[in-house]
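Heads up, the thing below is written out as structure tokens.
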Amino acid sequence: MHRPSSANETSGFPHFMALPINPPLADLASDADAAFRQQFDADPTLHAAAPGRVNLIGEHIDYCDGFVLPFAIERYIVISARANGSQEAHIGSTGQEVVTLDLTKRKEPGQPKWANYIRGVIRGFQDRGHHIPGFDAWIVSSVPLGAGLSSSAALECAVATLLEGLLDTVLDTKEKALLAQKAEHDFAGVPCGIMDQFASAFGQPNRLVLIDCQTGEPELVPFENPDLTVLIANTMVHHELSDGGYAARRKNTEDGLAQIGKSSWRDVTAADVEAHWDAMGEPVNRRARHVVGEIARTIGAAKALEKNDFEALGPLMAASHDSLRDDFEVSCKELDIMVEIARSIGRAGGVIGARMTGGGFGGSTVTLCESGRASEIAETLATEYAKATGIQAEIFASRPSRGAHLL
């Protein structure tokens, strides 16, 4: 797998090199093809790709009928495959044993755990009446694992796109995204909202994906200014969302909404939260304050983008991070340090805004900045973060990219 390397060790701290180039899809496909031939002694006939995602703003509200504003990043999972004439799937990936799946049986979760994402997507097709032919497949990825960039959604959407190719069918994009989300719920045990899979499925170059999580409808928002880019900084502190941290936060939001007595968070105001503050109690009241505030911030960000008012995004991103840190409590020391470094660089140094992104408990930050100063900003982030933590971060730049597709 491609794993970006942005630094080497000198003088006790990492020395930041140039921002890594995001591996082109053709290179990833070539890597997958070579591994496929070595493993299966045949040439692949199908190639499917799906990207990870980063969320500019709108965190932990995709399961609260909120708005979220992610985009597909220029980091992909690519699968090379071919039908094998059997009733079994043989699926391999770098560093993993080849998994064999009996396609005559309805899939259930099993071992190894990483293959449950694949089992879940296969089950989604089976539940729709599809008889999946046997196939061999090899998976490569440039999406960092455990970085909060939705490598799982990328895998689910890539597998779904591959199955479309094998079956010579095309699912509605929304249906494919929902199938992938259900796979994560039922087979990985993560009660995620719709954001990750929708971003991976609907992404387009130079477009953010504004998702109304109440209606389940996406809207593409222009992000065409070449003078702006997004730096994604992987803190290298990884998380397992299945450990209960995610589910506990989701239950907090459900309890808060029930206490307030409304049917949707979209109908809840800041005054409602204040009126029910003591009744909700800790920590539910703070979770509720985050949800209402984050929905408002995301709407504000979308309006700012419509006016090309990028400067307005800075304060919104700052308030989002502070709320995730203090009210939703999903940040961590390393994320806070990375965001503080970006804030210290400031607008004079080319930074418009910075915040943690993804589910939290580790993972990545997102920094909106001037393209011409991205390398300089990344160098400062990497150097100062290493001084503060002793950890070598992975930092890369990305603009919005194309969603899941056959190559």
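Values for this structure:
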{"item": "Test result for Q111, out of contact with any helix residue (DSSP H, G or I) (no Cβ under 7 Å at 6 or more places or on another chain), polar (S, T, N, Q) and without any contact (Cβ under 8 Å) to a residue 24 or more places away in the chain", "result": "yes"}
{"item": "Residue count for the stretch 182-198, restricted to those that are at pLDDT 95 or above and within 26 Å of V268 (Cα to Cα)", "result": "1"}
{"item": "Residues of the stretch 208-228 classified as exposed (fewer than 12 other Cβ atoms within 10 Å of the Cβ), part of a loop (DSSP other than H, G, I, E, B) and under 20 Å from the mean Cα position of the chain (by Cα), total", "result": "0"}
{"item": "Of all residues making up the stretch 39-94, the number that are under 23 Å from G359 (Cβ atoms) and outside any strand (DSSP E or B)", "result": "12"}
{"item": "Filter result (part of a helix (DSSP H, G or I) and in contact with a Gly (Cβ under 7 Å, 6 or more places away or on another chain)) within the stretch 356-375", "result": "R373"}
{"item": "All positions within the stretch 102-119 that are hydrophobic (A, V, I, L, M, F, W, C) and more than 15 Å from E156 (Cβ to Cβ)", "result": "L103"}
{"item": "The one condition in (1) closer than 24 Å to D196 by Cα; (2) at pLDDT below 95 that R325 fails to fulfil", "result": "(2)"}
{"item": "Failed item in (1) of a type in the set (G, A, S); (2) in a strand (DSSP E or B); (3) not assigned by the TED database to the domain that holds E394, with A183 passing the rest", "result": "(2)"}
{"item": "Residue among S344, S364, S375 that alone is among the polar types (S, T, N, Q), outside the structural domain of V54 (by the TED database) and buried (at least 21 other Cβ atoms within 10 Å of the Cβ)", "result": "S364"}
{"item": "From the options S331, S320, residue that is touching a residue at least 40 places away in the same chain (Cβ under 8 Å) and either in contact with a Cys (Cβ under 6 Å, 6 or more places away or on another chain) or of a type in the set (S, T, Y) (or both)", "result": "S320"}
{"item": "Of the criteria (1) crowded, with 23+ Cβ neighbours inside 10 Å; (2) within 15 Å of the chain's Cα centre (by Cα), which one Y246 fails", "result": "(1)"}
{"item": "Among (1) closer than 27 Å to I391 by Cβ; (2) not assigned by the TED database to the domain that holds A49 - the single one C192 does not satisfy", "result": "(2)"}
{"item": "The stretch 311-335 - residue that is in contact with a strand residue (DSSP E or B) (Cβ under 6 Å, 6 or more places away or on another chain) and not aliphatic (A, V, I, L, M) and, of those, farthest from H238 (Cα to Cα)", "result": "G314"}
{"item": "Selection within the stretch 102-137 - in a strand (DSSP E or B) and of a type in the set (G, A, S)", "result": "A137"}
{"item": "Criterion: surrounded by fewer than 22 Cβ atoms within 10 Å (Cβ to Cβ), in contact (Cβ under 8 Å) with a residue 60 or more places away in the chain and within 30 Å of N285 (Cα to Cα) - qualifying residue of I299, I391", "result": "I299"}
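Table: residues versus (1) buried (at least 21 other Cβ atoms within 10 Å of the Cβ); (2) in a helix (DSSP H, G or I); (3) in contact with a helix residue (DSSP H, G or I) (Cβ under 6 Å, 6 or more places away or on another chain).
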{"position": "H290", "(1), (2), (3)": "yes, yes, yes"}
{"position": "P315", "(1), (2), (3)": "no, yes, no"}
{"position": "L324", "(1), (2), (3)": "yes, yes, no"}
{"position": "V330", "(1), (2), (3)": "yes, no, yes"}
{"position": "V339", "(1), (2), (3)": "yes, yes, yes"}
{"position": "Y385", "(1), (2), (3)": "yes, yes, yes"}
{"position": "I395", "(1), (2), (3)": "yes, no, yes"}
{"position": "G403", "(1), (2), (3)": "yes, no, yes"}
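The values are calculated or read from the model by the stated rules, or taken from the named source; none is laboratory data. The model shown is predicted, which means the values in this text are computed figures rather than measured ones. Heads up, the Cβs are rebuilt from the backbone with ideal geometry, glycines too, and the neighbour counts pull from every protein chain shown.
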